[in-house]
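Novice: Take this structure first; my questions come after.
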Amino acid sequence: MKHPLVLRAAPLVALAVMATPALAQEAAYPNKPITVVVGYPPGGSTDLTGRAVADQLARKLGVPVVVENAGGAGGAIAAARVSKATPDGYTLLLGANNEIAINRLITPATVKYSYKDFTPVGLVASQPMVLVASPQTGVKDAAQFLATVKAAPGKFSYGSSGVGTALHLAGEMVKQQGGLFMTHIPYRGVAPLTVDLVGGALDYGVFVLSSGLPHIRSGKVVALGLTQKDRSAAAPEIPSLSESPSLKNMDIGVWFALMAPPKLPEPVLARLRTALRETLQTPEFRKKLEDSGSTIAPADVDMDRFLAQETAKYQRIVDFANIRE
């Protein structure tokens, strides 16, 4: 007859044996290539950031990290895919605020996920946007812009790269903060927006700084101010709109974050966060992003709090402008 203690211990041993493969898999992570999904075609700021992150993660984690561009629906297709992926750390999203936080506020009927449907690995970087004027307006700074637009409500228009984008929301925040009445004109990308600004067919526009800076420095458009609270190291000569008293609460930018599917195992998440933290401190990585106009994020951002605050800010702008699709 077997001892009762042996009989009681047998189920525990069986459970331990069953759990061993899962624990071993987590402990060995990663042991195969990782895919970082980017919701836009190659060449844009999100893609540039994603490739810089992937390159460094491959070095830190010791496995290939491949960027997959899955464009469409303002990044929502890629984000939705990652939100439903297996939570094993092998499918990640390098996303911007458009697809992570804004899209659901604009198109709730089609975008079914929210930022809560991800495991945040960490914030990577941010870029300010910049409000610009066509040289043909004769407007040179934010004060002149505010005076001109206020004097003729409804006469002037501004353009962005599309309805519900971060650039659109930045323009509406300028209107909200400044008490302005302007018409928004959505464009299909930066190129046609630039053509109309240079030609005088459009009065004002909003660019991501990295896209607008070459046109500003060549004199094709006039920089009126950055949308984030602080000036950018990439263009310290451009003031922030918040330096104008009536726009003192302006603070909105484009940010990029590394996200994983929900319910990611803690050991895998810890490994990814360590690798990302090391990436953010790598001089080569920092220079590449800073040269493109980005500011590297602090390593200690409370992502749950950050995402909740950002989404609440966007919701206020969406409600103010009644932006719906």
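Each value in this text was obtained by applying a stated rule to the coordinates, not by laboratory testing. Given the structure is predicted, the values throughout are model-derived calculations rather than measurements. Cβ coordinates were reconstructed from backbone atoms using ideal geometry, including for glycine residues, and neighbour counts include every protein chain displayed.
Novice: Give me the one-decimal nm value for the distance between modelled label points at ALA191 and ARG324, 7 Å along each residue's Cα-to-Cβ direction.
Specialist: Placing both labels 7 Å beyond Cα along the Cβ direction yields 3.5 nm.
Novice: For region 150-267, with only Lys/Arg (+1) and Asp/Glu (-1) charged at the beta-carbon, what is the dipole magnitude about the Cα centre, in debye rounded to 20?
Specialist: 160 debye
Novice: Could you give the length gained on full extension between ALA308 and ALA73, defined as 0.36 nm per residue of separation minus the Cα-Cα distance, in nm?
Specialist: Full extension of this stretch gives 82.3 nm more.
Novice: Sticking with this structure for a sec: Please name which of GLN228, GLY164, GLY122 has its Cα lying farthest along the dipole of the chain towards the positive end, using unit charges on Cβ (Lys, Arg +1; Asp, Glu -1) and the Cα centre as origin.
Specialist: Positive-most Cα among the choices belongs to GLY122.
Novice: Additional query: Rounded, prolate or oblate, given the Cα gyration tensor of region 128-247, with a/c below 1.5 counting as rounded?
Specialist: rounded
Novice: Further, regarding this structure: Calculate the length of the line joining the C-alpha centroid of region 235-311 to that of region 117-168, in whole Å.
Specialist: With region 235-311 and region 117-168 each reduced to a Cα centre, they are spaced 20 Å.
Novice: Using the beta-carbon distance between ALA299 and ALA152 and R0 = 41 Å, what value does 1/(1 + (r/R0)^6) give for FRET efficiency, to the nearest 0.05?
Specialist: Taking R0 as 41 Å, the efficiency between ALA299 and ALA152 is 0.30.
Novice: With everything on Cα atoms, drop me the angle between helix 190-199 and the longest principal axis of the chain, reported from 0 to 90° to the nearest 10.
Specialist: 10 degrees
Novice: Related question: Output the antiparallel fraction of DSSP beta bridges having both residues in the chain, as a percent to the nearest 5.
Specialist: Once the DSSP bridges in the chain are tallied, antiparallel ones form about 60 percent.
Novice: Just how large is the dipole of region 30-156 about the Cα centre, in debye to the nearest 20, putting +1 at every Lys and Arg Cβ and -1 at every Asp and Glu Cβ?
Specialist: Charge dipole of region 30-156: 200 debye, to the nearest 20.
Novice: Taking Cα atoms, how many degrees apart are the long axis of helix 266-280 and the longest axis of the chain, rounded to 10 and kept between 0 and 90?
Specialist: The two axes meet at around 40 degrees.
Novice: For mean projected area of the Cα convex hull in nm², which listed value, (i) 26.2; (ii) 40.9; (iii) 19.5, comes from the coordinates shown?
Specialist: Comparing each candidate, only (iii) matches the computed number.
Novice: Determine the dipole magnitude for the chain: charges of +1 sit on the beta-carbon of Lys and Arg, -1 on that of Asp and Glu, nothing else is charged, the reference point is the Cα centre, and the result goes in debye to the nearest 20.
Specialist: 500 debye
Novice: Give the cross-link partners of LYS288 among the aspartates and glutamates, using a straight C-alpha distance below 17 Å as the criterion and excluding same-chain residues fewer than 8 apart.
Specialist: The qualifying aspartates and glutamates are ASP47, ASP55, GLU278.
Novice: Could I ask something else about it? Could you work out how much longer the chain between LYS140 and PHE181 gets when fully extended? Use 0.36 nm per residue separation minus the Cα distance between them, nm to one decimal.
Specialist: 12.8 nm
Novice: Are any of the pairs LYS287/LYS313; LYS175/LYS248; LYS116/LYS263; LYS84/LYS116; LYS150/LYS313; LYS84/LYS112 more than 18 Å apart by Cα-Cα distance, and if so, which?
Specialist: In this structure, LYS287/LYS313; LYS150/LYS313 lie more than 18 Å apart at Cα.
Novice: While we're on this one: Rank ALA147, THR91, VAL66 by how far each Cα sits towards the positive end of the charge dipole of region 52-187 (+1 on Lys, Arg Cβ; -1 on Asp, Glu Cβ) and give me just the farthest.
Specialist: Farthest towards the positive pole: ALA147.
Novice: Follow-up. Cα axis of helix 303-321 to longest principal axis of the chain: angle in degrees, 0 to 90, nearest 10?
Specialist: Taking the Cα atoms of the chain, the angle to 303-321 is about 40 degrees.
Novice: Could I ask something else about it? First measure r as the distance between the Cβ atoms of GLU284 and VAL163, then evaluate 1/(1 + (r/R0)^6) with R0 = 45 Å and state the FRET efficiency to the nearest 0.05.
Specialist: 0.75
Novice: Using the count of nearby Cβ atoms within 10 Å as a rough guide to exposure, how do VAL208, VAL195 rank from fewest to most?
Specialist: Listing VAL208, VAL195 from fewest to most nearby Cβ atoms yields VAL195, VAL208.
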